[in-house]
């Protein structure tokens, strides 16, 4: 979670700070239906590099948006899932999908 000192004064800026890049939105969309291992998540998001995925997952875990579970198998596996806080973003993302769909429709009809 962000500390009080890290919170921007603007609530919208808080949203952008937590998930304001395209990769985090893609990660959240993938984790909606099920947890993913790191490699499976990377394969599910075309164009994301291992470094960028790792960095974004660490930031999202630190912010409390995703959980990371180490599965003690051989080899050791790590699984990522949306936390309760991450799941609380779903209505907002649904609204973004609805708005984006409407915008695409307007552009196509123009």
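The values are calculated or read from the model by the stated rules, or taken from the named source; none is laboratory data. Note that the structure is predicted; figures quoted are calculated from it, not measured. Note: ideal-geometry Cβ built from the backbone for every residue, glycine included; neighbour counts use all protein chains shown.
Data table
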quantity	calculated
In the range 51-95, residue surrounded by the fewest Cβ atoms within 10 Å (Cβ to Cβ) [restricted to those that are in a helix (DSSP H, G or I) and over 14 Å from the mean Cα position of the chain (by Cα)]	51
Yes/no for residue 48 being surrounded by 15 or more Cβ atoms within 10 Å (Cβ to Cβ), under 29 Å from residue 3 (Cα atoms) and in contact (Cβ under 8 Å) with a residue 60 or more places away in the chain	no
Single residue of 17, 42, 104 found to be modelled with pLDDT under 95, over 26 Å from residue 3 (Cα atoms) and either in contact with a strand residue (DSSP E or B) (Cβ under 6 Å, 6 or more places away or on another chain) or in a helix (DSSP H, G or I) (or both)	104
Filtered residues of the range 20-39 (kept if closer than 21 Å to residue 100 by Cβ and part of a helix (DSSP H, G or I))	22, 23, 24, 25, 26, 27, 28, 29, 30, 31
